[in-house]
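Have a look at the structure below, then the notes.
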Amino acid sequence: MAHVITDRCVGVKDQSCVAVCPVDCIHPSSDLDGQDAFDAASQLYIDPEVCIDCGACVPECPVEAIFIIEELPEEYHKDIEANRQFYRTWTSK
Ligand code: SF4
Ligand code: SF4
């Protein structure tokens, strides 16, 4: 189980979720990973192997982009794999 960031984040990327995550599992962020990595990503993603499902990020998102998998609307199911795929290919600096 994990939380998932959907493509509603694209074009917003305000990092409100990063600021409250207790385990730093939301990337890339400008503070944690550098401005270049942040700029290169179209949206942010949650590492499903690290997320502890605390839910703290959900109410912080201004566009309601974050869902727990069990409550993810059908139209965003593709984003489960998008979040996983990001961490298969991305390494923190
Ligand atoms: S649910 Fe908690 S641990 Fe998971 S990404 Fe959100 S703030 Fe981080
Ligand atoms: S708070 Fe929402 S819009 Fe902002 S970076 Fe996180 S997921 Fe994206």
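With contacts defined as alpha carbon pairs under 8 Å and 6 or more residues apart, what's the relative contact order of region 3-89 in percent?
41
Return the sequence-ordered ³J(HN,Hα) values of region 47-61 in whole Hz as given by the Karplus equation 6.51 cos²θ - 1.76 cosθ + 1.60 applied to θ = phi - 60°, using x for Gly and Pro.
6, x, 7, 10, 3, 9, 6, 6, x, 4, 6, 4, x, 7, 6
Count charges around Asp79 for me, please; just the other residues with Cβ under 12 Å from its Cβ, Lys/Arg as +1, Asp/Glu as -1.
Local charge sum for Asp79: -1.
Using the Cα centre as the reference, give the magnitude of the dipole from point charges on the C-beta atoms of region 3-89 (Lys, Arg: +1; Asp, Glu: -1; all else neutral), rounded to the nearest 20 debye.
Working: 5 positive and 18 negative charges, 26 e Å.
Magnitude of the dipole: close to 120 debye.
Would you work out which of Cys21, Leu44, Ile5 lies farthest towards the positive end of the dipole of the chain? Charges go on Cβ: Lys and Arg +1, Asp and Glu -1.
So the residue we want is Leu44.
Which FRET efficiency value, to the nearest 0.05, do you get for Cys54 and Ile80 by plugging their Cβ-Cβ distance into 1/(1 + (r/R0)^6) with R0 = 22 Å?
0.75
Checking the a/c ratio against 1.5 first, then a/b against b/c, what shape does the Cα gyration tensor give for region 3-89?
The shape class here is rounded.
I need the GluC sites (Glu not before Pro) found in region 32-93, filtered to DSSP loop residues with at most 11 other beta carbons within 10 Å of theirs. Present the calculation step by step, with values, prior to reporting the outcome.
Details: sites: Glu49, Glu60, Glu64, Glu70, Glu71, Glu74, Glu75, Glu81; in loops: Glu49, Glu64.
Listed in order of number, the matching sites are Glu49, Glu64.
Read-outs throughout are calculated quantities, based only on the coordinates presented, and are distinct from any laboratory measurement. Note that this is a predicted model, so its numbers are computed, not measured. Reconstructed Cβ throughout: ideal geometry from the backbone, glycine too, with neighbour counts over all protein chains shown.
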